[in-house]
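Heads up: the structure comes next, in structure tokens.
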Amino acid sequence: MDFIDIVAWRHTGEFAANYFAKGSMAVVEGRLQIRDWTDREGGRRRTAEVVASSIYFGDSAKKKSAPPPPRTPMRPRPHRSLKVKRTKSSRSKGEVPAL
């Protein structure tokens, strides 16, 4: 499998750095750029890369192999102007019914 080098600047680069990991599937929109450069031994090289204008998620969040970061459980609180009527049921103590 071949991989294509992607160059992302400014907000696009920050987005990719924050939300993509190695091996993540990405959909990239941009322009193809051919660049000449010299390697450490003095040899001339040519590279094709895509300069990204937009990057989107290519796979669904459900298919990711890494587990999501731990989240602090939050209990929903009713709006102050609403009155919540508690009923006798199998709910544990302190639970608030959904509105």
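The values are calculated or read from the model by the stated rules, or taken from the named source; none is laboratory data. The model shown is predicted, which means the values in this text are computed figures rather than measured ones. No Cβ is skipped: glycine too gets one built from the backbone with ideal geometry, and neighbour counts run over all protein chains shown.
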Study note, to complete from the structure: Those residues of segment 1-19 that are farther than 16 Å from D59 by Cβ, part of a loop (DSSP other than H, G, I, E, B), free of Cβ contacts under 8 Å to residues at least 24 places away in the same chain and aliphatic (A, V, I, L, M) come to a total of 0
**Study point:** Single residue of D59, D39 found to be charged (D, E, K, R) and modelled with pLDDT of 90 or more
**Key:** D39
Practice item. Could you please find all residues in segment 1-18 being of a type in the set (A, V, I, L, M) and surrounded by fewer than 11 Cβ atoms within 10 Å (Cβ to Cβ)? Key: M1, I4, A17
Review point. Given the structure, is E29 surrounded by 10 or more Cβ atoms within 10 Å (Cβ to Cβ) and modelled with pLDDT of 80 or more?
Key: yes
